[in-house]
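What follows is one structure encoded as structure tokens, with my remarks underneath.
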Amino acid sequence: MAHQDCRFYESRYPEMDDVVMVQVKSIAEMGAYVSLLEYGGIEGMILLSELSRRRIRSVQKLIKVGRQEPVMVLRVDKEKGYIDLSKRRVNPEDVAKCEERFAKSRMVHSIMRHVAETCGVELDDLYSQVGWPLYRLYGHAYDAFRGMIPDPEPVLERLRTEVHSGETPAVLTPAVLDGILKNIKRRMTPQPIKIRADVEMTCFAYDGVEHIKGAMRAALAQSSEECEVSIKLVAPPLYVLTTQTLDKARGIEVLTAAVEACKASVEAQRGSLRVKEAARAVSEKEEKLLQEELEAAEAANREIAGDDESEEDFEEGMSVDVDAAPALAIITNAPTRCHVPVRRIDSTEIHECAMQTVCVSPSVGLRPVRSSGRSMMVCRAQAQPAQKRVALGGLVGAAVALPSLLATHPALALVDERLNGDGTGQILGINDASLFWVLAIVFGLVWAAYYNSQRDLGGDKGDDSGLTL
């Protein structure tokens, strides 16, 4: 028998001002027709004016066919079977109470109907002799069924003595009783409630790890037989304390005491503990999120194949041969590491970088060279052969050009085979002042080239930048 065809309670009709659960059957011009789920599906009507306190623009937005709604009973005509209902007069507190009562009644009705169908008894007889008397004795049959889980005898004894004059109800055969007890234990056994608290714990004193372990042991010491406390590390400094219990209030109390004991222990060692989230009951969704966080932390800490601390890091493309010298240091404005390609120009290896890079290497002696938005690093040790050739070429050129000039210019002719200038009155016999200054500049350039070549080749011992060959 479907639960819509059998009432949950002994009374056939609800009382005025009762809040009952209904299901919408149809919507008409005058209002909505509904069926009272707790009273065998009898018909009632919600007037259009009782749907909402606000102006109604569309009835379909306020109420839909097939939806279950808590409504208040306005009038009951038992002779004609008319029941007027109101939706707008139901307050939120009444809605919560109605939903809780309906859930309990539906659970009781499901057990009674299943036993009646499996044992072959009438559902009305089972309700009249067992179900409705338990409603009167315990306020709700759901509470009576829960009391039968640990020991059914006290409930059955009260049913026999207070309702059936000490006799066992005729419908309550051993098969029916066994079916009721099996269904109660299978459907109504309370599930343990998980209580959880999140804390952040740190200790930077000497042996801080040991102090934190001691605080964790102090928290575990608050466990009891009903509530066993456990603590897990999610990711430093976040820790999670959990317990499972059938009594929610007791579980919160035990877990709060564990947090306080842990806090007192770690603060005594100059540590700190901050309660991120206090002890509370958590749902399966929250537990799933916590498990995902734990798995993510474990995966992050897991050693990845190929990671080796002994593996040396090297700069790709750097072929400078430096004995016992530190690695090349490249300092850039950007935090990225610059791997530069290598190309050879005039027997000199040049490392090019597309970024504007300031390159400093006091140990290797690289010179930064900027050219049209590009930075080139030239190793001084490898650039010295080219510099030496340039200096020698300058000296050879000056040596060839000077005799030619002396031989061809008429102002340099010797007088009386003397070079002291007595016959001309000029220095070295040079009678042209401009030529004198030209010769002076040539000798100055030759000397400057010679001096620079000696310094670059290591002549200046005070310069310790770069390699000394």
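Say whether the condition of being hydrophobic (A, V, I, L, M, F, W, C) and not in a strand (DSSP E or B) is met by at least one residue in the range 237-246.
Going through the range 237-246, the residues hydrophobic (A, V, I, L, M, F, W, C) turn out to be 238, 240-241, 246.
Next cut, not in a strand (DSSP E or B) only: 246.
Yes.
So which residues in the range 126-148 are at pLDDT below 90 and of a type in the set (D, E, K, R)?
Answer for the range 126-148, where residues must be at pLDDT below 90 and of a type in the set (D, E, K, R): just 146.
For residues that are more than 14 Å from residue 9 (Cα to Cα) and among the basic types (Lys, Arg), scanning just the range 78-112, find the one that is farthest from the chain's Cα centre (by Cα).
Looking at residues that are more than 14 Å from residue 9 (Cα to Cα) and among the basic types (Lys, Arg), I get 80.
State yes or no: is residue 223 free of Cβ contacts under 8 Å to residues at least 40 places away in the same chain, in the same structural domain as residue 290 (by TED's automatic domain parsing), polar (S, T, N, Q) and closer than 19 Å to residue 287 by Cα? Don't jump to the end; show me each part of the working.
On the way: free of Cβ contacts under 8 Å to residues at least 40 places away in the same chain: yes; in the same structural domain as residue 290 (by TED's automatic domain parsing): yes; polar (S, T, N, Q): yes; closer than 19 Å to residue 287 by Cα: no.
No: the conditions fail for residue 223.
Could you tell me which of the residues 79, 50, 38 is of a type in the set (D, E, K, R), in contact with a Ser or Thr (Cβ under 7 Å, 6 or more places away or on another chain) and modelled with pLDDT under 90?
50
Please go through (1) touching a Leu at 6+ places or on another chain (Cβ under 7 Å); (2) surrounded by 21 or more Cβ atoms within 10 Å (Cβ to Cβ) for residue 240 and return the number of the only condition it doesn't satisfy.
Evaluating residue 240 over (1) touching a Leu at 6+ places or on another chain (Cβ under 7 Å); (2) surrounded by 21 or more Cβ atoms within 10 Å (Cβ to Cβ) leaves (2) as the failure.
If you scan the range 118-171, which residues turn out to be surrounded by 12 or more Cβ atoms within 10 Å (Cβ to Cβ) and among the hydroxyl-bearing types (Ser, Thr, Tyr)?
118, 127, 128, 135, 138, 142, 168
Just one of 44, 40 is at positive phi and more than 44 Å from the chain's Cα centre (by Cα); which is it?
40
Can you list the helices (runs of 4 or more DSSP H) lying wholly within the range 135-201 that have 3 or more residues being more than 21 Å from residue 117 (Cα to Cα), of a type in the set (A, V, I, L, M, F, W, C) and in the same structural domain as residue 241 (by TED's automatic domain parsing)? Spell out how you get there, then give the answer.
On the way: elements: 141-147, 153-162, 174-188.
Answer list for the range 135-201: none.
Please determine whether any residue of the range 240-247 is of a type outside the set (Ser, Thr, Tyr) and in contact with a Phe, Trp or Tyr (Cβ under 7 Å, 6 or more places away or on another chain).
No, the conditions are met nowhere in the range 240-247.
Just checking, does the range 213-220 include any residue being more than 30 Å from residue 145 (Cα to Cα) and either more than 29 Å from the chain's Cα centre (by Cα) or touching a residue at least 60 places away in the same chain (Cβ under 8 Å) (or both)?
Filtering the range 213-220 for residues more than 30 Å from residue 145 (Cα to Cα) gives 213-220.
With the extra rule that they be either more than 29 Å from the chain's Cα centre (by Cα) or touching a residue at least 60 places away in the same chain (Cβ under 8 Å) (or both), the set shrinks to 218.
Yes: one or more hits.
Go through the residues of the range 30-37 one by one and say whether even a single one is within 22 Å of residue 109 (Cα to Cα) and touching a helix residue (DSSP H, G or I) at 6+ places or on another chain (Cβ under 8 Å).
Yes, there is a match, as at least one residue in the range 30-37 is within 22 Å of residue 109 (Cα to Cα) and touching a helix residue (DSSP H, G or I) at 6+ places or on another chain (Cβ under 8 Å).
The values are calculated or read from the model by the stated rules, or taken from the named source; none is laboratory data. Because the structure is predicted, anything quoted here is derived from the model rather than measured. Ideal geometry is used to build each Cβ from the backbone, glycine not excepted, and the neighbour counts take in all protein chains shown.
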